[in-house]
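Presented below is the structure to which this report refers.
The values are calculated or read from the model by the stated rules, or taken from the named source; none is laboratory data. Fair warning: this is a prediction, and the values are worked out from it, not measured in the lab. Note: ideal-geometry Cβ built from the backbone for every residue, glycine included; neighbour counts use all protein chains shown.
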Amino acid sequence: QFNELNRSYREKYGFPFIIAVKNRSKSEILDNFISRINNTEEMEFNEACAQVERIAEIRLLDII
């Protein structure tokens, strides 16, 4: 199911699905994926940017 969602997501938005996975179960990631595939392009771009920021925050906190 992840492969099909990845393909559909990339076709729709033109970039890969991005999510901060730390402390999330596969089920949570899948639910998030299914929910976000219905976002508008603007909503999803904003969410993807927020996820990149969250990933950076997690990595920085791991370094400190």
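Do we have ILE18 as at pLDDT 95 or above and either more than 13 Å from the chain's Cα centre (by Cα) or part of a helix (DSSP H, G or I) (or both) here? Break it down stepwise before answering.
Numbers: at pLDDT 95 or above: yes; either more than 13 Å from the chain's Cα centre (by Cα) or part of a helix (DSSP H, G or I) (or both): no.
When the stated conditions are applied, ILE18 does not pass them.
Output the qualifying pairs, or none if there are none: Cβ atoms under 7 angstrom, residues six or more apart or on different chains, first residue in segment 5-20 and exposed (fewer than 13 other Cβ atoms within 10 Å of the Cβ), second residue in a loop (DSSP other than H, G, I, E, B).
Matching pairs, first to second residue: ARG10/PRO16.
Just name the residue that is farthest from ILE55 (Cα to Cα) out of those in segment 22-43 that are surrounded by 14 or more Cβ atoms within 10 Å (Cβ to Cβ) and free of Cβ contacts under 8 Å to residues at least 12 places away in the same chain. Working first, answer last.
We begin by selecting, within segment 22-43, every residue surrounded by 14 or more Cβ atoms within 10 Å (Cβ to Cβ); these are 29-30, 32-33, 36-37, 39.
Filter once more, keeping what is free of Cβ contacts under 8 Å to residues at least 12 places away in the same chain: 29, 39.
Values: ILE29: 14, ASN39: 21 Å.
Checked segment 22-43; the qualifying residue farthest from ILE55 (Cα to Cα) is ASN39.
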